[in-house]
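Worksheet for the structure shown next.
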């Protein structure tokens, strides 16, 4: 049987919570049951206030999550723009 690979690219993904989470979460969860190797590319949740670690418990262990550092394009709380190399 051929195994298929899929890369889901989404900004909002667990443990980040919110209204945009259910669709990519369920897609990642159920594609694996149909023989797909699932990889998710999303941001590091360090800058998000709405975190729900229990959402990660819904994912099978074979889903691979790749987290990229988020560039903050708007000024941070200190009033200075964050650099891209931060």
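A few comments on the model shown:
- Angstrom value of the Kirkwood radius, inverse mean 1/r, which spans all Cα pairs in region 4-68: 11.8 Å
- Antiparallel %, DSSP beta bridges [both residues in region 4-68], to 5: 10 percent
- Estimated distance in nm for a label pair at residue 39 and residue 51, the labels positioned 7 Å out from Cα along Cα-to-Cβ: 2.6 nm
- For region 4-68, relative contact order (Cα pairs under 8 Å, six or more residues apart, normalised by length) works out to 42 percent.
- If a spin label sat at a point 7 angstrom from the Cα of residue 6 along the line to its beta carbon, the backbone N atoms of region 36-76 nearer than 15 Å would be those of 36-41, 59-60, 62-65.
- Given their separation in residues at 0.36 nm each and the Cα-Cα distance between them, residue 73 and residue 29 gain 12.7 nm when the chain is fully extended.
Taken together, the values in this text are just the output of simple stated rules run on the coordinates, not laboratory data. None of these values were measured; they are calculated from a predicted model. Quick reminder, even Gly has a Cβ in these numbers, built from the backbone with ideal geometry, and neighbours come from all protein chains shown.
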